[in-house]
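Worksheet for the structure shown next.
Nothing in this text is a laboratory measurement; each read-out follows from the coordinates by a stated rule. All of these numbers come straight from a predicted model, not from anything done at the bench. A quick note on method: Cβ atoms are made from the backbone with ideal geometry, for glycine too, and the neighbour counts reach across all protein chains shown.
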């Protein structure tokens, strides 16, 4: 079963967004990475909030179109790209020598956001 991304629905949801940076990112990702664009176009209250224990189960670098929460621990350092993270989560990520990068900063280096496992 293949997931289809409705680009018109993304555009309609985009009209309700107030954050200019978020709008720019969604517009850029709509063609290059529509899965992430669709997640970011959703209402913020429906964005995923992923705990560190869930991130720890994934091998490799991770992309989250939402927030990182601090429940659980990381066993190894990873590169985690997300819209935001709680302060405790940032402390735990730094303690295992992992890195947290916001989606805005990562878009400057990797505009298509390729090479990450996407958690929903």
If I model a spin label at residue 16 and residue 94 as a point 7 Å from the Cα along the Cα→Cβ vector, what separation in nanometres do I get? 3.6
Counting other beta carbons within 10 Å of each Cβ, put 13, 45 in order, fewest first. 45, 13
Summing -39500 (n - 2.57) over every DSSP H run of at least 4 in the chain, dividing by its residue total and rounding to the nearest 500, the 222 nm mean residue ellipticity is -11500 deg cm²/dmol
Checked region 7-119 against the a/c 1.5 cut and the a/b vs b/c comparison, axes a ≥ b ≥ c from its Cα gyration tensor; verdict prolate
The residues 84, 75, sorted from fewest to most surrounding Cβ atoms within 10 Å, come out as 75, 84
